[in-house]
Amino acid sequence: PLGNGQSDLDPVAAVGGRIAFEVGDIGNTDIFVMDADGGNATNITNHGGADMAPSWSPNGSRIAFMRAENVENDIYLMDADGGNLGNVTNHFENDTGPVWSPDGERIAFQRQRPGNQDTYVMDSDGGNLANLTNHPEWDGHQAWSPDGERIVFVTRREGNSDVYVMDADGDNQ
């Protein structure tokens with residue numbers, strides 16, 4: 001553990017043996033990276049707000065994550081060393097849980113709007129945003145199939161949490 005009385009959360013292994021994880025307390029969380037053996041831990045966001053849920057690009061060069069500011073959450077991207085930071089959703093919604101497609105071309109995530117949460121997908125630069133689930137019940141916690149052709153997600157459509165699978169364009173749920 002890094003210590004300082006802080007929680008180490010959500011470790012995510014990466015290409016090349018690097019690990020990304022969040023450290024902090026509610027409302028003040030940063031993204032760290034370190035070697036797989038625990039050495040060279042480095043804070044790469046040092047934001048003073050809540051940076052959470054890091055997700056490595058398939059080639060290990062970029063990290064997508066959620067940043068909470070004020071009352072909204074956006075999806076940000078940065079280089080693996082924290083450089084080239086940019087907001088790719090920049091909406092007045094709550095965007096969380098980014099996950100890269102296996103080819104690194106797209107990112108799936110959850111978007112919460114008043115009374116609803118759906119699974120969305122966008123190009124890795126934030127373009128071509130699409131609501132894949134578009135259902136009045138809660139949908140989220142998405143993950144890509146290894147070939148990038150399908151997305152699995154959790155939904156509460158049947159009154160409890162169930163796992164659904166769909167094509168990467170949202171068809172065949």
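Evaluated at q = 0.22, 0.25, 0.29 Å⁻¹, the base-10 log of the normalised Debye intensity for the range 116-171, with identical point scatterers placed on the Cα atoms, takes the values -0.82, -1.01, -1.24. For residue 124, nonlocal amide neighbours, meaning residues 5 or more places apart or on other chains whose placed amide H falls under 5 Å from its own, are 106, 107. For the range 42-110, the square roots a ≥ b ≥ c of the C-alpha gyration tensor eigenvalues yield an a/c of 1.5 or more together with a/b not exceeding b/c, which makes the shape oblate.
Diagonalising the gyration tensor over the Cα atoms of the range 73-173 and scaling each eigenvalue by 5 before taking the square root yields semi-axes of 23, 16, 11 Å, largest first. Each residue of the range 89-97 is assigned a 3J(HN,Hα), and the resulting list reads 9, 6, 10, 9, 10, 10, 9, 9, x Hz, derived from the Karplus form 6.51 cos²θ - 1.76 cosθ + 1.60 (θ = phi - 60°), x at Gly and Pro.
Each other residue within a Cβ distance under 12 Å of residue 44 adds +1 if Lys or Arg and -1 if Asp or Glu, for a net charge of -3. Dipole of the chain computed with +1 at Lys/Arg Cβ and -1 at Asp/Glu Cβ about the Cα centre; of 100, 161, 110, farthest Cα towards the positive end is 161. The distance linking the range 128-168 with the range 27-44 is 30 Å (Cα centroid to Cα centroid, whole angstrom). Per-residue Karplus couplings for the range 114-121, computed as 6.51 cos²θ - 1.76 cosθ + 1.60 with θ equal to phi - 60°, are listed in order as x, x, 7, 9, 10, 8, 10, 9 Hz, Gly and Pro entered as x. Each label point was placed 7 Å from the Cα along the Cα-to-Cβ direction; for residue 69 and residue 90 their separation is 1.1 nm. Measuring how big the chain is from its alpha-carbon positions, Rg and Dmax come out at 15.9, 48 Å.
For residue 49, the residues whose modelled amide H falls within less than 5 Å of its own, excluding neighbours fewer than 5 places apart on the same chain, are 29. Distant-in-sequence amide contacts of residue 139, defined by a placed amide H-H separation under 5 Å and a gap of 5 or more residues or a different chain, comprise 117, 118.
Modelled label positions at residue 26 and residue 161, each set 7 Å beyond Cα in the direction of Cβ, lie 1.9 nm from each other.
No lab work stands behind these numbers, since they all come straight from the coordinates. This one's a predicted model, so the numbers in the text were calculated from it and none came from an experiment. Cβ: placed from backbone, ideal geometry, glycine included. Neighbour counts: every protein chain shown.
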